[in-house]
Amino acid sequence: MEQGLALHHVGVRFGGLTALDDVSLRVAPGQVVGVIGPNGAGKTTLFNVLCGFVGPHEGSLTLDGRPFRPRPHRLTRLGIARTLQGTGLFAGLTVLENVVAGASHAARAGFLAALLGLPRSDREERRLRRHALAVLDTLGVAGYADAVPGTLPFAVRQRVALARALAARPRLLLLDEPAGGLGGEDIAELAELIRELPHRDTDPCAVLLVEHHMDLVMSVCDEIVVLDFGRVVATGTPEAIRDDPAVADAYLGAAVDEAAA
Ligand SMILES: Nc1ncnc2c1ncn2[C@@H]1O[C@H](COP(=O)(O)OP(=O)(O)OP(=O)(O)O)[C@@H](O)[C@H]1O
Ligand SMILES: [Mg+2]
(Lines give C-alpha, C1' and ligand atoms only; values in the text may rest on other atoms or scores of the structure.)
(Ligands and ions follow the chains in the order given, each with its own letter.)
Protein backbone atom coordinates (compact mmCIF):
# COMPACT_ATOMS: atom_id res chain seq x y z
CA MET A 1 0.00 0.00 0.00
CA GLU A 2 1.16 3.50 -0.77
CA GLN A 3 1.91 5.13 2.59
CA GLY A 4 1.52 8.83 3.22
CA LEU A 5 -0.34 11.68 1.62
CA ALA A 6 -0.45 12.01 -2.16
CA LEU A 7 -1.86 14.32 -4.79
CA HIS A 8 -2.70 12.81 -8.16
CA HIS A 9 -2.95 15.10 -11.19
CA VAL A 10 -4.58 17.90 -9.22
CA GLY A 11 -5.93 20.95 -11.03
CA VAL A 12 -7.38 24.14 -9.52
CA ARG A 13 -8.87 27.07 -11.39
CA PHE A 14 -9.98 30.48 -10.17
CA GLY A 15 -12.27 31.71 -12.92
CA GLY A 16 -10.12 31.75 -16.05
CA LEU A 17 -6.87 31.46 -14.11
CA THR A 18 -5.25 28.04 -13.72
CA ALA A 19 -3.59 28.08 -10.29
CA LEU A 20 -2.61 24.38 -10.31
CA ASP A 21 -2.30 22.18 -13.37
CA ASP A 22 -1.69 18.42 -13.28
CA VAL A 23 0.19 18.50 -9.96
CA SER A 24 1.22 15.16 -8.45
CA LEU A 25 3.35 14.65 -5.36
CA ARG A 26 3.66 12.41 -2.32
CA VAL A 27 4.85 12.82 1.25
CA ALA A 28 5.84 9.43 2.69
CA PRO A 29 6.50 8.70 6.37
CA GLY A 30 10.03 9.70 7.36
CA GLN A 31 10.26 12.42 4.72
CA VAL A 32 10.50 16.18 4.59
CA VAL A 33 9.12 17.32 1.23
CA GLY A 34 9.40 20.93 0.10
CA VAL A 35 7.30 22.89 -2.37
CA ILE A 36 8.98 25.96 -3.80
CA GLY A 37 8.35 28.32 -6.68
CA PRO A 38 8.28 32.02 -7.50
CA ASN A 39 5.44 34.36 -6.49
CA GLY A 40 2.10 33.24 -7.83
CA ALA A 41 3.38 29.74 -8.68
CA GLY A 42 0.54 28.09 -6.74
CA LYS A 43 2.23 27.16 -3.44
CA THR A 44 -0.46 28.53 -1.14
CA THR A 45 -3.16 27.10 -3.38
CA LEU A 46 -1.53 23.69 -3.04
CA PHE A 47 -1.37 24.09 0.73
CA ASN A 48 -5.05 25.07 0.77
CA VAL A 49 -5.96 21.98 -1.23
CA LEU A 50 -4.18 19.80 1.33
CA CYS A 51 -6.00 21.50 4.22
CA GLY A 52 -9.39 21.33 2.51
CA PHE A 53 -9.80 25.11 2.11
CA VAL A 54 -9.83 24.74 -1.67
CA GLY A 55 -11.37 21.80 -3.55
CA PRO A 56 -9.53 20.56 -6.65
CA HIS A 57 -11.39 20.77 -9.96
CA GLU A 58 -9.40 17.87 -11.32
CA GLY A 59 -7.47 14.96 -9.89
CA SER A 60 -7.62 13.40 -6.45
CA LEU A 61 -5.88 12.97 -3.11
CA THR A 62 -5.10 9.80 -1.20
CA LEU A 63 -4.06 9.13 2.39
CA ASP A 64 -2.28 5.78 2.80
CA GLY A 65 -3.62 4.79 -0.59
CA ARG A 66 -7.25 5.52 0.23
CA PRO A 67 -9.30 8.33 -1.33
CA PHE A 68 -9.07 11.40 0.86
CA ARG A 69 -11.16 14.57 0.86
CA PRO A 70 -9.58 16.94 3.34
CA ARG A 71 -11.82 19.00 5.61
CA PRO A 72 -10.13 21.65 7.76
CA HIS A 73 -11.83 20.58 11.00
CA ARG A 74 -11.18 16.87 10.45
CA LEU A 75 -7.46 17.03 9.69
CA THR A 76 -6.24 16.52 13.25
CA ARG A 77 -8.32 13.41 13.69
CA LEU A 78 -6.65 11.99 10.57
CA GLY A 79 -3.20 12.70 12.02
CA ILE A 80 -2.49 15.85 10.03
CA ALA A 81 -1.59 19.18 11.65
CA ARG A 82 -0.78 22.52 10.08
CA THR A 83 0.51 25.95 10.86
CA LEU A 84 -0.63 28.91 8.85
CA GLN A 85 1.22 31.96 7.54
CA GLY A 86 1.58 34.14 10.64
CA THR A 87 1.20 32.35 13.95
CA GLY A 88 -2.57 32.39 14.52
CA LEU A 89 -2.21 31.98 18.28
CA PHE A 90 -5.11 32.86 20.59
CA ALA A 91 -4.15 36.24 22.05
CA GLY A 92 -6.24 35.82 25.21
CA LEU A 93 -4.69 32.48 26.21
CA THR A 94 -1.28 31.79 27.69
CA VAL A 95 1.34 29.90 25.72
CA LEU A 96 0.56 26.73 27.66
CA GLU A 97 -3.20 27.12 27.14
CA ASN A 98 -2.63 27.60 23.41
CA VAL A 99 -0.70 24.36 23.23
CA VAL A 100 -3.23 22.53 25.42
CA ALA A 101 -5.89 23.68 22.95
CA GLY A 102 -3.87 22.06 20.16
CA ALA A 103 -3.53 18.85 22.14
CA SER A 104 -7.18 18.69 23.14
CA HIS A 105 -8.12 18.91 19.48
CA ALA A 106 -6.93 15.35 19.36
CA ALA A 107 -8.06 14.39 22.84
CA ARG A 108 -11.34 12.71 23.52
CA ALA A 109 -12.89 15.64 25.40
CA GLY A 110 -12.61 17.75 22.29
CA PHE A 111 -11.66 21.24 21.38
CA LEU A 112 -15.20 22.58 21.34
CA ALA A 113 -15.74 21.38 24.89
CA ALA A 114 -12.55 23.18 25.88
CA LEU A 115 -13.68 26.38 24.17
CA LEU A 116 -17.09 26.21 25.78
CA GLY A 117 -15.48 25.63 29.14
CA LEU A 118 -17.18 22.25 29.55
CA PRO A 119 -15.64 20.23 32.33
CA ARG A 120 -12.85 17.86 31.54
CA SER A 121 -11.78 15.44 34.21
CA ASP A 122 -8.93 16.78 36.34
CA ARG A 123 -6.86 13.82 35.33
CA GLU A 124 -7.41 14.49 31.63
CA GLU A 125 -6.62 18.16 32.20
CA ARG A 126 -3.38 17.35 34.01
CA ARG A 127 -2.39 14.87 31.33
CA LEU A 128 -2.95 17.44 28.55
CA ARG A 129 -0.98 20.11 30.41
CA ARG A 130 1.90 17.72 31.05
CA HIS A 131 1.98 16.76 27.39
CA ALA A 132 1.78 20.41 26.25
CA LEU A 133 4.67 21.35 28.55
CA ALA A 134 6.74 18.46 27.23
CA VAL A 135 6.16 19.60 23.64
CA LEU A 136 7.07 23.19 24.53
CA ASP A 137 10.18 21.82 26.18
CA THR A 138 11.30 19.89 23.09
CA LEU A 139 11.02 23.15 21.15
CA GLY A 140 13.02 25.01 23.80
CA VAL A 141 10.23 27.40 24.82
CA ALA A 142 8.80 25.82 27.98
CA GLY A 143 10.08 28.85 29.90
CA TYR A 144 7.35 30.97 28.27
CA ALA A 145 4.47 28.69 29.30
CA ASP A 146 2.70 31.31 31.42
CA ALA A 147 3.26 34.29 29.11
CA VAL A 148 0.66 35.54 26.64
CA PRO A 149 1.76 35.38 22.98
CA GLY A 150 1.49 39.14 22.35
CA THR A 151 4.39 39.90 24.68
CA LEU A 152 6.82 37.48 23.03
CA PRO A 153 9.37 37.89 20.22
CA PHE A 154 8.14 36.66 16.85
CA ALA A 155 10.59 33.74 16.69
CA VAL A 156 9.27 32.44 20.04
CA ARG A 157 5.67 32.79 18.88
CA GLN A 158 6.55 30.79 15.77
CA ARG A 159 7.82 27.99 17.98
CA VAL A 160 4.72 28.10 20.14
CA ALA A 161 2.59 27.80 16.99
CA LEU A 162 4.68 24.80 15.98
CA ALA A 163 4.27 23.33 19.47
CA ARG A 164 0.51 23.75 19.21
CA ALA A 165 0.46 21.82 15.92
CA LEU A 166 2.76 19.09 17.28
CA ALA A 167 0.79 18.73 20.52
CA ALA A 168 -1.87 16.86 18.53
CA ARG A 169 0.75 14.17 17.76
CA PRO A 170 0.34 14.37 13.99
CA ARG A 171 2.05 11.93 11.64
CA LEU A 172 2.13 14.64 9.00
CA LEU A 173 2.78 18.32 9.56
CA LEU A 174 1.94 20.91 6.90
CA LEU A 175 3.94 24.13 7.16
CA ASP A 176 3.17 27.25 5.14
CA GLU A 177 6.07 29.71 5.01
CA PRO A 178 7.40 28.95 8.51
CA ALA A 179 10.48 31.12 7.89
CA GLY A 180 8.38 34.20 7.08
CA GLY A 181 9.52 37.09 9.26
CA LEU A 182 12.49 35.21 10.75
CA GLY A 183 16.13 36.28 10.63
CA GLY A 184 19.10 34.14 9.55
CA GLU A 185 19.95 32.59 12.91
CA ASP A 186 16.32 31.77 13.70
CA ILE A 187 15.94 30.17 10.28
CA ALA A 188 18.98 27.96 10.88
CA GLU A 189 17.50 26.82 14.21
CA LEU A 190 14.12 26.21 12.60
CA ALA A 191 15.82 24.13 9.90
CA GLU A 192 17.44 21.92 12.52
CA LEU A 193 14.11 21.45 14.23
CA ILE A 194 12.22 20.54 11.05
CA ARG A 195 14.92 18.11 9.91
CA GLU A 196 14.56 16.15 13.16
CA LEU A 197 10.79 15.79 13.15
CA PRO A 198 10.52 12.65 10.98
CA HIS A 199 13.32 10.89 12.87
CA ARG A 200 12.66 11.62 16.54
CA ASP A 201 11.86 8.77 18.94
CA THR A 202 8.52 10.07 20.20
CA ASP A 203 5.76 11.09 17.79
CA PRO A 204 7.84 11.21 14.60
CA CYS A 205 6.08 13.06 11.80
CA ALA A 206 6.62 13.64 8.11
CA VAL A 207 6.66 17.25 6.92
CA LEU A 208 5.38 19.08 3.88
CA LEU A 209 6.97 22.49 3.73
CA VAL A 210 5.66 25.24 1.47
CA GLU A 211 8.23 27.98 1.44
CA HIS A 212 9.87 30.37 -0.93
CA HIS A 213 12.95 30.71 1.25
CA MET A 214 15.28 28.66 -0.95
CA ASP A 215 18.06 28.11 1.64
CA LEU A 216 15.70 26.63 4.21
CA VAL A 217 14.10 24.31 1.68
CA MET A 218 17.48 23.19 0.35
CA SER A 219 18.83 22.46 3.83
CA VAL A 220 15.92 20.45 5.25
CA CYS A 221 14.17 18.60 2.43
CA ASP A 222 14.67 15.05 1.23
CA GLU A 223 12.72 15.89 -1.88
CA ILE A 224 11.69 19.16 -3.49
CA VAL A 225 8.85 19.92 -5.88
CA VAL A 226 9.23 23.10 -7.92
CA LEU A 227 6.10 24.87 -9.16
CA ASP A 228 5.94 27.53 -11.84
CA PHE A 229 2.65 28.91 -13.15
CA GLY A 230 0.83 26.07 -11.39
CA ARG A 231 2.80 23.27 -13.00
CA VAL A 232 5.49 20.99 -11.58
CA VAL A 233 8.63 21.96 -13.48
CA ALA A 234 11.04 19.82 -11.45
CA THR A 235 11.04 17.17 -8.70
CA GLY A 236 14.13 15.78 -6.99
CA THR A 237 16.72 15.95 -4.26
CA PRO A 238 18.11 19.36 -3.28
CA GLU A 239 21.26 18.60 -5.29
CA ALA A 240 19.29 17.71 -8.42
CA ILE A 241 17.06 20.76 -8.03
CA ARG A 242 20.01 23.10 -7.60
CA ASP A 243 21.43 21.99 -10.94
CA ASP A 244 18.15 21.85 -12.86
CA PRO A 245 17.98 24.47 -15.61
CA ALA A 246 14.14 24.50 -15.45
CA VAL A 247 14.39 25.76 -11.86
CA ALA A 248 16.83 28.50 -12.77
CA ASP A 249 14.48 29.48 -15.61
CA ALA A 250 11.48 29.70 -13.29
CA TYR A 251 13.29 31.90 -10.78
CA LEU A 252 15.17 33.91 -13.36
CA GLY A 253 11.93 34.50 -15.27
CA ALA A 254 10.38 35.79 -12.06
CA ALA A 255 13.40 38.01 -11.36
CA VAL A 256 13.26 39.49 -14.86
CA ASP A 257 9.51 40.15 -14.48
CA GLU A 258 10.15 41.91 -11.18
CA ALA A 259 12.94 43.98 -12.68
CA ALA A 260 10.66 44.99 -15.54
CA ALA A 261 7.76 45.86 -13.23
N1 LIG B 1 -8.89 32.94 -4.16
C2 LIG B 1 -8.32 33.27 -5.32
N3 LIG B 1 -9.04 33.84 -6.32
C4 LIG B 1 -8.47 34.15 -7.50
N5 LIG B 1 -7.18 33.93 -7.81
C6 LIG B 1 -6.40 33.37 -6.86
C7 LIG B 1 -6.93 33.02 -5.57
N8 LIG B 1 -5.91 32.48 -4.84
C9 LIG B 1 -4.82 32.51 -5.63
N10 LIG B 1 -5.11 33.03 -6.84
C11 LIG B 1 -4.18 33.16 -7.97
O12 LIG B 1 -3.63 31.87 -8.21
C13 LIG B 1 -2.25 31.95 -8.53
C14 LIG B 1 -1.44 31.14 -7.54
O15 LIG B 1 -1.48 31.85 -6.30
P16 LIG B 1 -0.81 31.31 -4.95
O17 LIG B 1 -1.21 32.23 -3.89
O18 LIG B 1 -1.15 29.87 -4.78
O19 LIG B 1 0.74 31.46 -5.29
P20 LIG B 1 2.00 31.36 -4.31
O21 LIG B 1 2.96 30.45 -4.98
O22 LIG B 1 1.55 31.02 -2.95
O23 LIG B 1 2.58 32.85 -4.35
P24 LIG B 1 3.39 33.67 -3.18
O25 LIG B 1 4.82 33.22 -3.28
O26 LIG B 1 3.24 35.08 -3.63
O27 LIG B 1 2.76 33.37 -1.86
C28 LIG B 1 -1.90 33.45 -8.55
O29 LIG B 1 -1.97 33.90 -9.87
C30 LIG B 1 -2.98 34.05 -7.69
O31 LIG B 1 -3.23 35.39 -8.07
MG1 LIG C 1 1.76 31.95 -1.03
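The values are calculated or read from the model by the stated rules, or taken from the named source; none is laboratory data. Just so it is clear, the structure is predicted and the values come from calculations on it, not from any experiment. Don't worry about glycine lacking a Cβ; one is built from the backbone with ideal geometry, like all the others, and counts go over all protein chains shown.
Yes/no per residue for (1) touching a residue at least 40 places away in the same chain (Cβ under 8 Å); (2) within 16 Å of ligand 1 (Cβ to nearest atom); (3) more than 16 Å from Gly37 (Cα to Cα):
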{"residue": "Ala147", "(1), (2), (3)": "yes, no, yes"}
{"residue": "Arg157", "(1), (2), (3)": "yes, no, yes"}
{"residue": "Ala161", "(1), (2), (3)": "yes, no, yes"}
{"residue": "Ala167", "(1), (2), (3)": "yes, no, yes"}
{"residue": "Ala179", "(1), (2), (3)": "no, yes, no"}
{"residue": "Glu189", "(1), (2), (3)": "no, no, yes"}
{"residue": "Asp201", "(1), (2), (3)": "no, no, yes"}
{"residue": "Ala206", "(1), (2), (3)": "yes, no, yes"}
{"residue": "Gly230", "(1), (2), (3)": "yes, yes, no"}
Count of residues meeting criterion [more than 10 Å from Val100 (Cα to Cα) and among the charged types (D, E, K, R)] in the range 128-151:
2
Regarding Val49, is this residue more than 16 Å from ligand 2 (Cβ to nearest atom), assigned by TED's automatic domain parsing to the domain that holds Pro178 and touching a residue at least 12 places away in the same chain (Cβ under 8 Å)?
no
Residue hits (the range 64-77; in a strand (DSSP E or B) and within 15 Å of His9 (Cα to Cα)) are Pro67
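Are there strands (runs of 3 or more DSSP E) fully within the range 1-55 with at least 2 residues that are surrounded by fewer than 18 Cβ atoms within 10 Å (Cβ to Cβ)? List them.
Values: elements: 5-14, 17-27, 32-36.
Where strands (runs of 3 or more DSSP E) fall fully within the range 1-55 and carry at least 2 residues being surrounded by fewer than 18 Cβ atoms within 10 Å (Cβ to Cβ), they are 5-14, 17-27.
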Would you confirm whether or not the range 176-189 contains a residue that is buried (at least 22 other Cβ atoms within 10 Å of the Cβ) and closer than 25 Å to Asp64 by Cα?
yes
So in the range 143-185, with the set limited to residues that are farther than 25 Å from Leu128 by Cβ and part of a helix (DSSP H, G or I), which one is nearest to ligand 2 (Cβ to nearest atom)?
Phe154
